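To keep things clear, I will list the structure first and then write my remarks on it.
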Amino acid sequence: MAIISCLPVVFRGSLPASDSLLLASCGFSALTGEEMYISSLEASLSGIEIISEADAAGQLSVLKGAEDGEGRLHVVTSASLSSYISSYPQRASRILLTGGSIISTGMEKRNTRAAWSLSAFLSSHAFVAMMGYGWKEVLSMLDDGKDIAITRTSLTTHIGRTLALEGCPVASSYSSAFPSRTGCIVYPSPEGQFSFLDKRFDYLRLY
């Protein structure tokens, strides 16, 4: 147990490092899932720890990318810790096996806003698909001076287009959004060593 950003927090596993990436999708589409998988894989291969908010089980694309890249995933759940583990035992086991954690605001009642706020607070930078809910909490990161980029799929929403017109970087993956932070570029390859949604991928290490 801990108090983080004035919130009561209960967690299992290890808390994230200070330089962690928030990968968040405020909504879902197949293309968004691919953007999140590639970004999670690039970050993991580059040694960047990942934080992801979960209103239900959480994003499988982000978990799969972290597993494939042998990275650490920290899931912040809007439910209580015990509820998440009992509802999604296999998912919980996979997250903990990455060396990451499952983090809850410690309340029995589901609290989506608190989960988003905690995710934003714990992250040093973010790559977000602005497809719906959660955007107010993500925007608070901008007020705190943290770096944020949005996915190309975000441009299908009004808030995504507004952010882009105000100068927020738009990119197709983590490596293109934050080239100075990542050392790997993931690309489609028919014979690649990684796979997601019937597509195969490989990577180029830049250092």
> In region 83-94, is there at least one residue being outside any helix (DSSP H, G or I), at pLDDT 90 or above and closer than 21 Å to ASP19 by Cβ?
Replying inline: no
>> From the list SER40, SER61, SER14, SER5, exactly one residue is among the polar types (S, T, N, Q) and on the phi > 0 side of the Ramachandran plot. Which is it?
In response: SER5
>> Step by step: first the residues of region 1-18, then only those that are at pLDDT 85 or above and assigned to a loop (DSSP other than H, G, I, E, B), then the one that is nearest to the chain's Cα centre (by Cα). Which residue is that?
In response: PRO16
>> For region 172-192, which positions are over 19 Å from ALA24 (Cα atoms), of a type outside the set (A, V, I, L, M) and not in a loop (DSSP other than H, G, I, E, B)?
In response: CYS184, TYR187, PRO188
>> Can you pull out every residue in region 141-183 that is out of contact with any strand residue (DSSP E or B) (no Cβ under 8 Å at 6 or more places or on another chain) and under 23 Å from ALA56 (Cβ atoms)?
In response: THR156, THR157, ILE159
> Which of the residues that make up region 46-57 are more than 9 Å from the chain's Cα centre (by Cα) and either acidic (Asp, Glu) or buried (at least 24 other Cβ atoms within 10 Å of the Cβ) (or both)?
Replying inline: ILE48, GLU49, ALA54, ASP55
> Residue check, ALA79 against (1) assigned to a helix (DSSP H, G or I); (2) free of Cβ contacts under 8 Å to residues at least 60 places away in the same chain, all met but one. Which one?
Replying inline: (1)
> Which of the residues belonging to region 113-128 are crowded, with 17+ Cβ neighbours inside 10 Å and either without any contact (Cβ under 8 Å) to a residue 12 or more places away in the chain or in a helix (DSSP H, G or I) (or both)?
Replying inline: ALA114, ALA115, TRP116, SER117, LEU118, SER119, ALA120, PHE121, LEU122
> On the given criteria, is GLU35 surrounded by 21 or more Cβ atoms within 10 Å (Cβ to Cβ), charged (D, E, K, R), over 22 Å from TYR84 (Cα atoms) and modelled with pLDDT of 90 or more?
Replying inline: yes
>> Checking the conditions here, which among LEU63, LEU21, LEU31, LEU73 is out of contact with any Ser or Thr (no Cβ under 7 Å at 6 or more places or on another chain) and closer than 22 Å to VAL186 by Cβ?
In response: LEU63
>> Tell me yes or no: at least one residue of region 59-77 is within 16 Å of THR182 (Cα to Cα), crowded, with 21+ Cβ neighbours inside 10 Å and of a type in the set (Val, Ile, Thr).
In response: no
>> Is it the case, given these coordinates, that LEU23 is of a type outside the set (D, E, K, R), under 18 Å from SER180 (Cβ atoms) and buried (at least 22 other Cβ atoms within 10 Å of the Cβ)?
In response: yes
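The values are calculated or read from the model by the stated rules, or taken from the named source; none is laboratory data. Keep in mind the model is a prediction, meaning the values are calculated, not measured. For neighbour counting, all protein chains shown are included, and Cβ atoms are generated from backbone atoms with ideal geometry for every residue, glycine included.
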